[in-house]
Amino acid sequence: MNKKLMVLTAVMGLTAIGWAETKKEDAIDRVDNATKVVNEIMATPDKGIPQEVVDHAKCIAVVPHMIKGGFIVGANGGKGVATCRTPEGWSAPSFFTVAGGSWGLQIGVEGVDLVMIVQNEKGMQQLLNSKFQIGGDASAAAGPVGRHASADTDWKMNAEILTYSRAKGVFAGLTLDGAVVKTDDDSMRAVYGPDVTERAALTGKVPPPPEAHEFLAAIRGARAQAAAAK
């Protein structure tokens with residue numbers, strides 16, 4: 001191997017290492033920000049996700065700082081982290097992207113936190129796929145807000161996914177039709193290595209990385225906080 005080729009190979013190797021480290025740092029930052037979103041939302045139960053919705057959740061997905069925009073933002077995107085219930089508890093997190101679709105009315109918004117509650121088996125199976133469209137492959141509806149979901153609503157029946165947004169401290173249901181959710185392969189590879197799929201993570205086939213422990217604790221604590229707010 002000549003010197004030029006050796007140098008090029010070394011540079012490519014260092015570049016790959018730097019890329020992987022950067023991707024992992026980005027993914028862990030996302031997990032940390034998602035943890036803050038869950039903790040802050042559940043700390044204000046009168047304006048948060050009702051206890052019944054948390055109890056009923058099959059999976060919980062959080063996209064911190066979803067979009068930037070002005071009047072009627074119609075199609076941007078963001079990156080999120082998700083976990084699903086398993087017989088052993090909440091799963092190792094998976095990483096995904098969400099983009100496109102109609103985001104309803106957001107006026108003068110700098111950043112939006114998005115929470116998606118997957119509430120039945122069909123919705124969970126869609127999340128386990130590498131890609132699906134909200135409103136197409138899985139129905140979605142703006143979720144109820146408050147300490148408790150009203151008994152006379154049919155939130156359990158209407159949709160596979162309940163969606164919420166938080167912008168400038170205001171927490172409310174959100175319409176999300178047409179948005180495409182797909183696996184963030186780069187982040188999955190950076191955190192877990194090349195052989196771990198989104199399905200493997202969400203079905204409990206791999207242990208959570210240490211960096212995800214606080215996020216999973218926040219998810220477990222969400223139920224306790226909701227119950228304590230009765």
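The values are calculated or read from the model by the stated rules, or taken from the named source; none is laboratory data. The model shown is predicted, which means the values in this text are computed figures rather than measured ones. Because the Cβ atoms are built from the backbone with ideal geometry, glycine has one as well, and the counts that use them run over all protein chains shown.
The table below lists the values:
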{"item": "Residue in segment 37-45 that is touching a Lys or Arg at 6+ places or on another chain (Cβ under 6 Å) and modelled with pLDDT under 90 present", "result": "yes"}
{"item": "Subset of segment 59-92 [within 19 Å of V37 (Cβ to Cβ), part of a loop (DSSP other than H, G, I, E, B) and at pLDDT 70 or above]", "result": "P64, H65, M66, S91, A92"}
{"item": "Strands (runs of 3 or more DSSP E) wholly inside segment 112-230 containing at least 2 residues that are under 22 Å from H65 (Cα atoms), of a type outside the set (V, I, T) and modelled with pLDDT under 95", "result": "113-118, 131-133, 140-142, 161-167, 170-173"}
